[in-house]
1. Mind counting the residues in region 343-365 that are hydrophobic (A, V, I, L, M, F, W, C), over 18 Å from the mean Cα position of the chain (by Cα) and more than 10 Å from SER83 (Cβ to Cβ)?
2. For region 296-318, which positions are farther than 15 Å from ILE380 by Cα and crowded, with 17+ Cβ neighbours inside 10 Å?
3. Search region 312-334 for residues being among the hydroxyl-bearing types (Ser, Thr, Tyr) and either under 19 Å from LEU297 (Cα atoms) or in a helix (DSSP H, G or I) (or both), and hand back the single one that is farthest from the ligand (Cβ to nearest atom).
4. Does region 132-172 hold any residues that are crowded, with 23+ Cβ neighbours inside 10 Å, of a type in the set (Gly, Ala, Ser) and out of contact with any His (no Cβ under 9 Å at 6 or more places or on another chain), and which are they?
5. Do we have LEU71 as touching a strand residue (DSSP E or B) at 6+ places or on another chain (Cβ under 7 Å) and either on the phi > 0 side of the Ramachandran plot or not assigned by TED's automatic domain parsing to the domain that holds GLY168 (or both) here?
6. In this structure, is ARG217 within 16 Å of the ligand (Cβ to nearest atom), surrounded by 14 or more Cβ atoms within 10 Å (Cβ to Cβ) and among the charged types (D, E, K, R)?
7. Within region 351-365, which residues are over 16 Å from CYS303 (Cβ atoms) and of a type in the set (D, E, K, R)?
Amino acid sequence: MKIRKNFLPFSRPSIGKSEINRVTTCLKSGWITTGALCKEFEDNFTRLTGSQNAVSVNSATAGMHIILSALNIAPDDEIITPSMTFASTVNMIALRGAKPVFVDVDYGTLNINTDLIEEKITKKTKAIIPVHFAGAPADMDKINSLAKKYKLTVIEDAAHAVGTYYKGIHTGGFGHPAIFSFHPIKNITTGEGGMITLNDAGLEKKLRLLRFHGIERDAWKRYGKGGNPSYDIAGPGYKYNMPDVLAALGLAQMERWQEFNRKRSELAGIYLEKLGGVSGIDLPQFPQYDHVHAWHLFVIKVCALDRDEFMNRLSDYNIGYGLHFPPTHTLNYVKARYEENVGLLPETERAAPKMISLPLFPDMLEKDVQYVCKAIKEIIRNG
Ligand SMILES: Cc1ncc(COP(=O)(O)O)c(C=O)c1O
């Protein structure tokens, strides 16, 4: 087949006129850091998820960090999470001095295998962090009932899950804290950014303090007309606030998330159709329960040839790709610190060396997907 001339990236944010107009208006307004637009963005998220509170932050990682801090997660505590996720979760657990306890995933969906959670719960367990992998929801009923039984907190990692519904409920809408990511490859972006949703005004207050130096009042209120610029700090905090100029971008993206996800879903449908039955490739499988998939990623498992070789061959065809994720329990420091996990996550270890994320983004064309599928078939045929 004819090789395309221009490179097809693995992902690319969709930035249009409305994004540029919103950001420009903010830039001209005289207030570009945390303020009214962040509040509006937060209100958008409570509406989307059905949560009572939302706190904007400058990354999902920052969100996870202040949630774990606000919950007083401390050395000796254990946190249950899949190893098949981005390293940020494990980093935040490790930075609190706590221990990640990894649970295997289902090979087909790459979501946490909820049948294996209970056996990992001990007296030290404080929380479960499920990940809605690639935009397909984890089995929240099972996770929530285990959390209730053992009095654990659930923190949903909804980094992939703007537009993901589980049995009619949007992720982040179950009452416990959840984090969303707006990194440029995510379903909506603010360049970098994140959102916490929850139903707990007391915890929300703590999160707002931890987000901004521990300072009691928002800067935009302190510096307004008649505001009092003095402040006091009852406890130390981080500098994790989202600026309004990024919230402006997020607000424009929020108006388009349904359009984006519709497109992602259509493109994923073409992948599934064209690659269905191609031997040597395992396609993503779906949870059995009622759900809406956000199609953040399209992850295949390459069985027919070595993954590095496969990636080299995709490059020859001018096609980009991603790796989501190298399992966290195999990362150098994680392996050294929590070595008992190696070899105990058979499905994660079976899937990981074969996994590769194919290009998927809203402005990708149908003919781009057709091209990738043709290239993959040719690569497999030629061995
Ligand atoms: C599953 C998962 N969790 C958390 C994060 C962290 O998000 P952020 O980059 O906004 O900190 C990511 C980002 O890639 C992710 O994929």
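The values are calculated or read from the model by the stated rules, or taken from the named source; none is laboratory data. Here the structure is a predicted model, which means the values were calculated and not measured. FYI the Cβ positions are ideal-geometry reconstructions off the backbone, even for glycines, and counts take in every protein chain you see.
1. Counting residues in region 343-365 that are hydrophobic (A, V, I, L, M, F, W, C), over 18 Å from the mean Cα position of the chain (by Cα) and more than 10 Å from SER83 (Cβ to Cβ) gives 3.
2. Restricting attention to region 296-318, the residues satisfying the condition of being farther than 15 Å from ILE380 by Cα are 296-299, 318.
HIS296, LEU297, PHE298, VAL299, listed by residue number.
3. Filtering region 312-334 for residues among the hydroxyl-bearing types (Ser, Thr, Tyr) gives 315, 317, 321, 328, 330, 333.
Applying the additional criterion that residues be either under 19 Å from LEU297 (Cα atoms) or in a helix (DSSP H, G or I) (or both) yields 315, 321, 328, 330, 333.
Working: SER315: 22, TYR321: 16, THR328: 10, THR330: 16, TYR333: 18 Å.
Only one residue fits best here, namely SER315.
4. GLY172
5. For LEU71, the condition - touching a strand residue (DSSP E or B) at 6+ places or on another chain (Cβ under 7 Å) and either on the phi > 0 side of the Ramachandran plot or not assigned by TED's automatic domain parsing to the domain that holds GLY168 (or both) - is not met.
6. Details: within 16 Å of the ligand (Cβ to nearest atom): no; surrounded by 14 or more Cβ atoms within 10 Å (Cβ to Cβ): yes; among the charged types (D, E, K, R): yes.
It is false that ARG217 is within 16 Å of the ligand (Cβ to nearest atom), surrounded by 14 or more Cβ atoms within 10 Å (Cβ to Cβ) and among the charged types (D, E, K, R).
7. Hit for region 351-365 is ASP363, nothing else.
Yes or no, residue by residue, for (1) within 18 Å of ALA178 (Cα to Cα); (2) more than 16 Å from the ligand (Cβ to nearest atom):
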residue: SER18; (1), (2): no, yes
residue: GLY35; (1), (2): no, yes
residue: GLU40; (1), (2): no, yes
residue: GLY50; (1), (2): yes, yes
residue: SER59; (1), (2): yes, no
